[in-house]
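Derivation of every value follows stated rules applied to the coordinates shown; laboratory data play no part. Everything numeric in this text was worked out from a predicted model, so none of it was measured. Backbone-built Cβ (ideal geometry, glycine too); neighbour counts: all protein chains shown.
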Amino acid sequence: MSSDITHHSAALSSATIARFDRELAKYPDDQKQSAVMACLAIVQQEKGFVSADSERAIAAHLDMAPMAVHEVSTFYNMYNLNPWASTRSMCAPTCLANCAMDKVRLNMCAKSLA
């Protein structure tokens with residue numbers, strides 16, 4: 001393991017690395033990069049989002065270029081790349097639902113006054 005890999009892996013807990021290794025065991029040694037989506041999901045589950053440091057740590061662990069991991073994390077919309085992204089995706093539908101209810105209430109009031 002190079003010092004670069006050690007440096008980036010320090011951003012991840014030993015439990016996270018163990019989960020990565022369980023995913024890696026599912027693939028042949030020459031296809032480790034196939035576990036990239038599982039590793040991204042693990043990081044997001046544990047941290048709430050996938051940071052650039054996490055992408056670099058995953059890349060180092062899977063012997064991939066960091067840009068290749070970043071391409072996967074930005075291609076799929078299931079990965080939150082910012083800590084606020086998970087909150088935004090949950091709050092937006094709630095706000096829209098509240099606005100819709102306000103319109104329904106206004107319509108009901110207008111009909112009752114007519």
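List of remarks:
- Take the Cα of D63, step 7 Å toward its Cβ, do the same at Y27, and the gap between the two points is 1.2 nm.
- Take the Cα of E71, step 7 Å toward its Cβ, do the same at Q45, and the gap between the two points is 2.6 nm.
- Packing order of peptides 37-44, 22-29, 65-72, highest average first: 37-44, 65-72, 22-29 (average count of other Cβ atoms within 10 Å over each peptide's residues).
- Mean Cβ neighbour count within 10 Å, used as a protection proxy, ranking 13-19, 57-63 highest first: 57-63, 13-19
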